[in-house]
Amino acid sequence: MNEKSENRKALPKFTLSLLGSLLVGGVIGFAIGLSRAMGLDTAALAEGLGAILAAVTPWGIPATSALTLGGCFFLYRSAARKFAAWDGGDEDETSESIDAALSWVLLLSAVQLLFNLFFLSAFCVYWMDRDIRALSLVGVFLLSCGLVVFAQQKTIDLERKMNPEKRGSVYDSKFQKKWLDSCDESERRQIGEASRRAYMVTSRVCLGLWLVLVVLSLVVEISLLPVFVLLLVWGTMQVTYTLECIRLGKGN
């Protein structure tokens, strides 16, 4: 009876979500049909967007690095100054503010790595066969990635100074495992909750991207490769999560 009751409670919300998705799809389909009727040149639009991206690409990594890594520097310096004046209390506001600053450093550095990979990919598409001098962007890419790793290394080192029981180095391929093994139960629960949240958000983003790609295929000519890659990533996450749950369940 409890299962049926839960299903009855969840069914109206599920139905509304499904109807809402159908409505959004209908609006998008109508907009696509209207654009075609008005003679929208999607090929020219795609070419214009490509031209803009090609113009931005050489400056993408330097500009984003200046913003994100500059932010990392100021946040780390702020955390380092607070740590120098810290009296060693476990749960005071100073330690919490230091942890928050270091977390933002890790976030910004991770975002910059994504920027680097994106603009390097754009470079390969738009600039590889144009000018040999554009190869200098590869050097900028390597420099930015080196600064990302350096920012993460300094952050982890400061975190280990605050918590001597922590283990691991960013240069170690098994860093995440060693770091997790050195965390206490409270920190592991936080990591588990964050991982669950990341899994849910990523699943929804993958579904949304799939819908976007399907709609785009109705407007412009795209191959199945983007859809295949997206579903491969999504499927890998789903299968890995389920298999890991099975493995952990056997240990209980």
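The residue list 199, 246, 186 was ranked by how far each Cα lies along the charge dipole of the stretch 183-252 toward its positive end, using unit charges on Cβ atoms, and 246 comes out on top.
When the solvent-accessible surface of protein heavy atoms is calculated with a 1.4 angstrom probe, in what order do 96, 221 fall, highest first? Intermediate results must be reported in sequence, preceding the final value.
Values: 96 105, 221 185 Å².
The most accessible residue leads, giving 221, 96.
Return the lysines within reach of residue 161: Cα separation strictly under 26 angstrom, same-chain partners fewer than 8 residues apart disregarded; answer none if there are no such residues. Within the straight-line limit of under 26 Å, residue 161 reaches these lysines: 82, 174, 177, 178. Computed about its Cα centre, the charge dipole of the stretch 161-200 is approximately 140 debye, with only Lys, Arg, Asp and Glu carrying charge at their Cβ. For a paramagnetic label modelled on residue 110 (point 7 Å from Cα along Cα→Cβ), amide N atoms under 15 Å away belong, within the stretch 191-235, to 191-203.
Full extension of the chain between residue 248 and residue 92 gives 52.6 nm of extra length, using 0.36 nm per residue less the Cα-Cα distance. Each label was represented as a point 7 Å from its Cα along the Cα-to-Cβ direction; for residue 143 and residue 193 these points are 4.2 nm apart.
Measuring between their Cα centroids, the stretch 187-252 and the stretch 145-183 lie 27 Å from each other. Solvent exposure of the stretch 108-252, expressed per residue, is 70 Å² of accessible area, with all protein chains present and a 1.4 angstrom probe.
Working out 0.36 nm times the residue gap between residue 100 and residue 124, then minus their Cα-Cα distance, what length gain in nm do you get to one decimal?
Values: separation 24, 0.36 × 24 = 8.64 nm, distance 3.66 nm.
Taking residue 100 through residue 124 to full extension adds about 5.0 nm, to one decimal.
Expressed as a whole percentage, what fraction of the accessible surface of the stretch 84-206 belongs to carbon and sulfur atoms when a 1.4 Å probe is rolled over the protein heavy atoms? Write out the running numbers ahead of the final one.
On the way: 4860 of 8060 Å².
C and S fraction of accessible area: 60 percent.
Could you give the length gained on full extension between residue 238 and residue 15, defined as 0.36 nm per residue of separation minus the Cα-Cα distance, in nm? Let's see the in-between values first.
Details: separation 223, 0.36 × 223 = 80.28 nm, distance 2.39 nm.
My answer for the length gained is 77.9 nm.
Any idea what the dipole of the stretch 121-252 comes to, in debye rounded to 20, about its Cα centre with Lys/Arg Cβ at +1 and Asp/Glu Cβ at -1?
Values: 17 positive and 13 negative charges, 67 e Å.
Rounded to the nearest 20 debye, it is 320 debye.
The values are calculated or read from the model by the stated rules, or taken from the named source; none is laboratory data. Since the model is a prediction, treat every value here as computed from it, not as a measurement. Every residue, glycine among them, receives a Cβ derived from its backbone with ideal geometry; neighbour counts consider all protein chains shown. Surface areas here come from the heavy atoms of the whole protein model, side chains and all, with no ligands, DNA or RNA. Shrake-Rupley method; radii C 1.70, N 1.55, O 1.52, S 1.80 Å.
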